[in-house]
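Peer 1: Starting off with a structure, shown below.
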Amino acid sequence: MPNCKNCQQNFTITEADRQFYRKMEVPEPTMCFPCRLQNLMAYRNERVLYPAICGLCKKSILAAYPPTHPTPIYCYECWHTDKWDSTTYGQDYDSDRSFFEQYEKLQNTVPPFALSVFGSINSDYTNCASWNKNSYLVSGANYNEDVLYGNYVNYDKYSLDISFTHKSELCYEITDGENNYHVRFATDSSNCSDCSFIHDCRNCVDCFCCTNLRNAKYCILNKPYNEADYRKKMAAIDLGSYQTVQQYLGEFKQLKLLAVYQYYHGSKNENSTGDYFYYTKDCHYCFDATEVEGCAYLQWFHKARNCYDILAWGFGAENCYSGVEVGDNVTFLKFTRTCRTGSSNLEYCQNCIGCTDCFGCYCMHNVKYCILNKQYLEKEYRELKEKIIAKTKSSGEYGEFFPTKYSYFGYNETIANDYFPLTREEVLKRGWHWQDKMPGIYDKGTLTADQLPNNIKEVEDNITKEILVCASCGKNYKITLAELKLYKQITVPLPRQCFDCRHLARLKQRNPRQLWHRQCLRPGCKNEFETTYAPDRSEKVYCEECYQKEIY
């Protein structure tokens, strides 16, 4: 059992893992899964955006890179044109120098595309997103319409402050669910409508402050009522009132502690471990994954086979290892970031679209047989590539993803800080980057949280001219007209926190990316399992069989 070179903790490499590493012709990892995931996450900036000017067309754009970025930044449209040629930045490989140092020099020369966004309409403030319409500050988002403030949302409409949702409409503050309509303050619930403060509910209508319900209607605190009595009781509860919402959020938190929890979130899995996963087979340590087979150590990955250590995407990926934003019918990618669209046989490449047989390349599209962005004949390419791999294996550079210290993003700009929060001092001590000039305004507020109207019915359109002060971090934020319209339509009060604090609060409602070995807590059951519920938590965690008996 090896020791992680980063955190010094022991970790396991299974025989199935070893078979995969041999197949991919890579060394066994020297870091444990959490440290490897942290490293990958340090290369994904989803939500921190900066104003910029496209280096080609000169129009004003938004970029994931700060103003101090050493190269010009191109808008997505210009980057994909033939107005520039990334091979002109090619450099010769120097066997006497560190490969990563040479790669860093290349990064400091070639223009990247500003945001990972395409196919969207009126959705400028989005990243890691595609085919959205009238959406604002969403990431990991696809095919949404009029969705504001969300991450990992797909096919949603007219909703705000949602995370990990699918095909839902008129929803607010929900985490993990699909096919919901007019649902407010919900976790792990699907196919529900006109419900508020629900947890682990399925196919429910008109339910309030309920947990573990199936096919229920007109329930309050899990107690059924006839329609007339239910509506009479609900008429006395005004969820447009901030004070009322806070009261029920407290009650809802206590109510969830009495619920029964299946040891993992998901269904239709075979011989798999992880959490928030569906329709998987022979998968290990997979999180937020659907329709994957023979995979391990994945995060937010879908419709893929035989992939290890990947953060985000999938959709046709096969035989890929150690990457960020890997997908769209790609094969045999190793140690890559944002390489997609039919790419194959890439190693240590970033922002390469539609490329094949490249090594150590940065920001290229539709090329082959390139090393450090320099073009070679096929025979020359293969000979030099083998030489580089042999050298980097002997130096210890080859075999894992780019080191965190070479990420262009400050640690606090990336999702690594969401899942593995560190202080500025801790980050700098490790030799990583920290962004001291994060976007955001302070000390310009015109209204504090306690000065906001209690009820959404009392809010007038001129609130959009005010500068609000986050009750948690003190950062200033504003309410847009589109946002205000949705608050009134869904009937919820104005938020007292900025988007970032609301985002982090939703993440805290989800379980960590770590597994513990536990036994079912239902009396008399001795089933054991791997779960993301830590042993010191107070929830009643059951095996799948006991959970089904209790709930259905």
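Peer 1: Roughly how many debye, to the nearest 20, is the charge dipole of the chain about its Cα centre, given +1 on each Lys and Arg Cβ, -1 on each Asp and Glu Cβ, and no other charges? Walk me through the intermediate numbers first.
Peer 2: On the way: 64 positive and 68 negative charges, 96 e Å.
Computed charge dipole of the chain: roughly 460 debye.
Peer 1: How long is the gain from residue 83 to residue 258 if the chain were fully straight, where each residue apart is worth 0.36 nm and the alpha carbon distance is subtracted? It would help to have the intermediate numbers written out before the result.
Peer 2: On the way: separation 175, 0.36 × 175 = 63.00 nm, distance 6.16 nm.
Computed gain between residue 83 and residue 258 is 56.8 nm.
Peer 1: Give me the one-decimal nm value for the distance between modelled label points at residue 226 and residue 504, 7 Å along each residue's Cα-to-Cβ direction.
Peer 2: For the pair residue 226/residue 504, the computed spacing is 5.0 nm.
Peer 1: Starting from the Cα of residue 236, step 7 Å along the direction of its Cβ; do the same at residue 76; then give the gap between the two resulting points in nm.
Peer 2: 5.1
Peer 1: So which of 157/217; 437/465; 485/508; 334/508; 223/549; 23/429 end up more than 29 Å apart by C-alpha? If you can, show how the numbers build up before the last one.
Peer 2: Working: 157/217 24 Å; 437/465 25 Å; 485/508 27 Å; 334/508 31 Å; 223/549 19 Å; 23/429 36 Å.
Exceeds cut-off: 334/508; 23/429.
Peer 1: Based on the Cβ-Cβ distance of residue 457 and residue 60, what FRET efficiency does E = 1/(1 + (r/R0)^6) give at R0 = 45 Å, to the nearest 0.05?
Peer 2: Numbers: r = 38 Å, r/R0 = 0.84.
The pair residue 457/residue 60 has a calculated efficiency of 0.75.
Peer 1: To continue, here is another question. If a/c stays under 1.5 just call it rounded; otherwise compare a/b with b/c (prolate if a/b is bigger, oblate if not). Do that for the range 153-262, with a ≥ b ≥ c from the square roots of the Cα gyration tensor eigenvalues.
Peer 2: Rounded, because the longest to shortest axis ratio a/c is under 1.5.
Peer 1: Something else: For residue 406 and residue 205, calculate 0.36 nm times their separation in residues minus their Cα-Cα distance, and state this gained length in nm to one decimal.
Peer 2: Details: separation 201, 0.36 × 201 = 72.36 nm, distance 5.06 nm.
My answer for the length gained is 67.3 nm.
Peer 1: So, one more: Which shape class, rounded, prolate or oblate, goes with the range 441-511 when its Cα gyration tensor gives a ≥ b ≥ c as root eigenvalues, a/c under 1.5 marks rounded, and past that a/b bigger than b/c marks prolate?
Peer 2: Because a/c hits 1.5 or more and a/b fails to exceed b/c, the range 441-511 counts as oblate.
Peer 1: In addition: Report the one residue of 165, 3, 541 whose Cα lies farthest in the direction of the positive end of the charge dipole of the chain (charges on C-beta: Lys and Arg +1, Asp and Glu -1; origin at the Cα centre).
Peer 2: Farthest along the dipole direction, towards plus: 541.
Peer 1: Convert each backbone phi in the range 374-391 into a coupling constant with the Karplus relation 6.51 cos²θ - 1.76 cosθ + 1.60 (shift: θ = phi - 60°), then list the ³J(HN,Hα) values in order as whole Hz, x for Gly and Pro.
Peer 2: Values per residue, Gly and Pro as x: 9, 7, 10, 6, 4, 5, 4, 4, 5, 5, 5, 4, 5, 5, 5, 4, 4, 5 Hz.
Peer 1: 7 Å from Cα along Cα→Cβ at both residue 442 and residue 471: what's the point-to-point distance in nm?
Peer 2: 2.1
Peer 1: Once the other residues with Cβ under 10 Å from the Cβ of residue 220 are scored (Lys, Arg +1; Asp, Glu -1), what is the net sum? Don't skip to the end; give the middle numbers.
Peer 2: Numbers: positive: 223, 233; negative: 206, 229.
Charge balance near residue 220 sits at 0.
Peer 1: Also, quick follow-up: Name the long-range amide H neighbours of residue 540: under 5 Å, sequence gap of 5 or more, or other chain; modelled H, no Pro or chain starts.
Peer 2: Residues meeting the amide H criterion: 261.
Peer 1: Fully extended, how many nm does the chain gain between residue 394 and residue 133 (0.36 nm per residue separation, minus their Cα-Cα distance)? List each step's numbers first, then the result.
Peer 2: Details: separation 261, 0.36 × 261 = 93.96 nm, distance 4.97 nm.
That works out to 89.0 nm of additional length.
Peer 1: Scan the chain and report its longest stretch carrying no GluC sites (Glu not before Pro) that are both in a DSSP loop and have at most 11 other Cβ atoms within 10 Å.
Peer 2: Values: sites that count: 25, 460.
Answer - 26-459.
Peer 1: So what J values fall out for the range 444-454 if you push phi through Karplus, 6.51 cos²θ - 1.76 cosθ + 1.60 with θ = phi - 60°, rounded to Hz, Gly and Pro as x?
Peer 2: Listing the rounded values in order: 10, x, 10, 9, 8, 4, 6, 9, 6, x, 5 Hz.
Peer 1: What does the charge add up to near residue 152, with Lys and Arg as +1, Asp and Glu as -1, over the other residues with Cβ less than 10 Å from its Cβ?
Peer 2: Working: positive: none; negative: 46, 176, 288.
Every neighbour counted, the sum reads -3.
Peer 1: Which value in deg cm²/dmol, rounded to the nearest 500, describes the helix-derived mean residue ellipticity at 222 nm for the chain, given -39,500 (n - 2.57) per DSSP H run of n ≥ 4 and division by the residue count?
Peer 2: Using -39500 (n - 2.57) per qualifying helix, the result is -6000 deg cm²/dmol.
Peer 1: Within the range 346-413, how many lysine pairs that are 8 or more places apart, or on different chains, have C-alpha atoms less than 13 Å apart? Please list the in-between numbers first.
Peer 2: Numbers: 368/379; 368/385; 374/385; 379/387; 385/393.
Step by step, the pairs that qualify in the range 346-413 add up to 5.
Peer 1: Can you spot the lysines whose alpha carbon is less than 20 Å from residue 59's alpha carbon? Ignore those fewer than 8 places along the same chain.
Peer 2: Counting by Cα, and skipping residues close in sequence, residue 59 has these lysines nearby: 83.
Peer 1: List the residues, sorted by chain then number, that are 5 or more residues from residue 455 or on another chain and whose placed amide H is less than 5 Å from its amide H.
Peer 2: Those qualifying (amide H under 5 Å, at least 5 residues apart or on another chain) are 242.
Peer 1: For residue 196, what is the net charge nearby, where nearby means another residue's Cβ is under 13 Å from its Cβ and Lys, Arg count +1, Asp, Glu -1?
Peer 2: Details: positive: 184, 233; negative: 173, 194, 206, 238, 251.
For residues surrounding residue 196, the net value is -3.
Peer 1: Separate question: Any idea how far the Cα center of the range 339-406 sits from the one of the range 222-251, in Å?
Peer 2: 59
No lab work stands behind these numbers, since they all come straight from the coordinates. These figures come from a predicted structure and were not determined experimentally. Counting neighbours? That spans all protein chains shown, and the Cβs are built from the backbone with ideal geometry, glycine included.
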